[in-house]
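Single-structure report; data block below.
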Amino acid sequence: MERGVSDLNILEKFALEFTHIVEQYGRYIIVSGFVAIVHGRSRATEDIDMILERISKEKFVQLHAHLEKEGFECIQGENPVMLYDEYLAQNTPLRYIRKGMPLPDMEIKLAKDKLDELQLQERTKLPMTNLPFWFSSIETNIAFKEEYLKSPKDLEDARHLRVLYEGILNEEQINRWKVLIKKVRL
């Protein structure tokens, strides 16, 4: 059962409005801190991290225009060709906000390697959240937080997810992701 719009907090509503547009242009996943937050972890954040499958410049121009039409703006600029060439094509994320509102923001980046592509292939909706978003798996999030990100905040996110999913986590999958992370990113 999905939550109604009136039941969503500000970050969730922002994500719902943004993903509703993005999913018309390509597959996406939401990753990182927002995953822990929608699972009840109290954690300060003003952004949501999204990985979008590699799309063409032409498709991005259409996506950018659609986002602008629906009241979003990119804080790095208005020219979608420049945004694609100087940011996305260089594996640098873009940040979108609601026009006139500096928070929250969506950090969007294109899939940059085999790890991102695999996460997109294995994307899932997380039933514990009752949200309609596509996420990377819990196991993937834990592996990235424990093996790659490793900040105190990320390690606490991983602990939180481990407690919530105790007894149903696939440790083999977490370890598989950690091996892939070491091979591809470290």
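When ILE108 is tested against the conditions (1) surrounded by fewer than 16 Cβ atoms within 10 Å (Cβ to Cβ); (2) within 19 Å of the chain's Cα centre (by Cα), the lone failure is (1). Residues that are of a type in the set (Ser, Thr, Tyr) and either under 15 Å from ASP116 (Cα atoms) or in contact with a Gly (Cβ under 7 Å, 6 or more places away or on another chain) (or both) within segment 146-186 comprise just one, TYR148.
Quick check, is ASN130 among the polar types (S, T, N, Q), under 14 Å from ILE37 (Cα atoms) and within 12 Å of the chain's Cα centre (by Cα)? No. Candidates are the residues of segment 4-33 that are assigned to a loop (DSSP other than H, G, I, E, B) and modelled with pLDDT under 95; the one that is surrounded by the most Cβ atoms within 10 Å (Cβ to Cβ) is SER32.
For segment 62-84, a residue qualifies if it is surrounded by fewer than 17 Cβ atoms within 10 Å (Cβ to Cβ) and within 14 Å of TYR96 (Cα to Cα), and the qualifying residues are ALA65, HIS66, GLU68, LYS69, GLU70, GLY71, ILE75, GLN76, GLY77, GLU78, ASN79.
When the residues of segment 163-186 are filtered to those that are of a type in the set (Lys, Arg) and surrounded by fewer than 16 Cβ atoms within 10 Å (Cβ to Cβ), the one that is farthest from ALA36 (Cα to Cα) is LYS183.
Restricting the first residue to segment 71-98 and requiring it to be over 14 Å from ALA111 (Cβ atoms) and touching a residue at least 60 places away in the same chain (Cβ under 8 Å), which pairs with a second residue that is of a type outside the set (Lys, Arg) and assigned to a strand (DSSP E or B) meet a Cβ separation below 7 Å and a spacing of at least six or different chains? The qualifying pairs are TYR96/PHE72; TYR96/GLU73; TYR96/CYS74; TYR96/ASP105; TYR96/MET106; TYR96/ILE108; ARG98/PHE72. Against the conditions (1) within 24 Å of GLN76 (Cβ to Cβ); (2) at pLDDT below 95, VAL184 satisfies every one except (1). Counting only strands (runs of 3 or more DSSP E) that sit completely within segment 39-103, zero hold 1 or more residues that are within 16 Å of ILE21 (Cβ to Cβ), modelled with pLDDT under 95 and not hydrophobic (A, V, I, L, M, F, W, C).
In segment 104-186, counting only helices (runs of 4 or more DSSP H) that sit wholly within it, the ones holding 2 or more residues that are over 28 Å from PHE18 (Cα atoms) and hydrophobic (A, V, I, L, M, F, W, C) span 171-184.
Counting only residues that are out of contact with any helix residue (DSSP H, G or I) (no Cβ under 9 Å at 6 or more places or on another chain) and charged (D, E, K, R), segment 138-158 holds 1 of them.
Among residues of segment 161-175 that are more than 11 Å from ASN141 (Cβ to Cβ) and hydrophobic (A, V, I, L, M, F, W, C), those with a Cβ under 7 angstrom from a residue that is surrounded by 16 or more Cβ atoms within 10 Å (Cβ to Cβ) and modelled with pLDDT under 95, sequence gap 6+ or separate chain, pair up as LEU164/HIS39.
Take the residues of segment 116-136 that are within 18 Å of GLU171 (Cα to Cα) and touching a Lys or Arg at 6+ places or on another chain (Cβ under 8 Å): which is surrounded by the most Cβ atoms within 10 Å (Cβ to Cβ)?
Narrowing segment 116-136 to residues within 18 Å of GLU171 (Cα to Cα): 118-119, 122-124, 126, 136.
Filter again for touching a Lys or Arg at 6+ places or on another chain (Cβ under 8 Å), leaving 123, 136.
Numbers: ARG123: 20, SER136: 26.
Going through the qualifying residues, I end up with SER136.
The values are calculated or read from the model by the stated rules, or taken from the named source; none is laboratory data. In this text the structure is predicted, and so the values were computed from the model without any measurement. Here Cβ is always computed from backbone atoms with ideal geometry, including for glycine, and neighbour counts include all displayed protein chains.
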